[in-house]
1. Once you have the Cα-Cα distance between residue 95 and residue 43, take 0.36 nm times their residue separation minus that, and quote the gain in nm to one decimal.
2. Within a 10 angstrom radius of the beta carbon, how do 20, 108, 9, 78 rank from fewest other beta carbons to most?
3. HN-Hα J couplings of the stretch 69-82 from phi, Karplus 6.51/-1.76/1.60, θ = phi - 60°, integer Hz, Gly and Pro as x?
4. Taking 7 Å along the Cα-to-C-beta vector as the label spot, tell me the residue 66-residue 11 distance in nanometres, rounded to one decimal.
5. Figure the gain on full extension for residue 56 and residue 113 (residue separation times 0.36 nm, minus the Cα-Cα span) and round it to one decimal in nm.
6. For the chain, give the magnitude of the charge dipole about the Cα centre (Cβ charges: +1 Lys/Arg, -1 Asp/Glu; no others), in debye to the nearest 20.
7. Over all alpha-carbon pairs of the stretch 13-122, lay out the pair-distance distribution in 10 Å bins, whole %, shortest bin first.
8. Express in nm, to one decimal, how much length is gained between residue 36 and residue 20 on full extension, taking 0.36 nm for each residue of separation and deducting their alpha carbon distance.
Amino acid sequence: MWKGQAAILIEVVDTPDPILVGEQTTYTIRVTNQGTADDRNIKIVANFAKQIDPVSAAGATAGTVSGKNVTFAPVATLAPKQSVQWTITAKGASTGDHRLKVEMTSELLTSAVTEEESTHVY
C-alpha cells in the first residue's frame with residue numbers, strides 16, 4: 001500500500017543586498033514539505049565565506065554560530081504542506097561577492113541538498 005511521498009523544498013533569500021563592509025543583512029531560510037507524507041530529522045547547516053561573518057541565528061529550532069558556520073537543531077517531523085523558517089543575521093567583513101552555502105539533509109534525502117545565495121559586499 002502506497003502511503004505518500006515527502007518532497008522537500010529549500011529557499012534562501014537575503015535582505016538587503018548589496019551591503020557595505022560593517023553593515024548587516026538577514027538571510028531567511030524556508031523549508032517546505034510539498035509532498036503527501038511526513039519527512040523527519042531535517043537538518044540545516046549554513047557555511048559563510050570570508051566576506052561575511054554570521055552574528056546570530058534564530059527560528060524554528062535553535063541555531064548555533066561557530067566561526068563561519070551556523071548549525072540548526074533538527075526538525076523532528078515536517079508534515080505535508082508544512083513550512084519552517086530560520087533567520088541568520090550576518091555582517092559584511094570584506095569586499096567581494098559572497099556565496100552563502102546552505103545544506104539540508106533529512107531521512108528522505110540520500111545526499112545533501114545545497115542552496116546558495118549571493119550577497120555583494122562593497
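Only the coordinates and a few stated rules stand behind these numbers; no lab work does. Just so it is clear, the structure is predicted and the values come from calculations on it, not from any experiment. Here Cβ is always computed from backbone atoms with ideal geometry, including for glycine, and neighbour counts include all displayed protein chains.
1. So the chain would gain 15.7 nm between residue 95 and residue 43.
2. Ascending Cβ contact count within 10 Å gives the list 20, 9, 108, 78.
3. Working through the residues one at a time gives 10, 10, 10, 9, 4, x, 8, 4, 9, 10, 6, x, 6, 8 Hz.
4. Between residue 66 and residue 11, the label points sit 3.0 nm apart.
5. 18.2 nm
6. For this selection, approximately 280 debye.
7. So the P(r) values, bin by bin, are 15, 47, 27, 11, 1.
8. Result: 1.4 nm gained on full extension.
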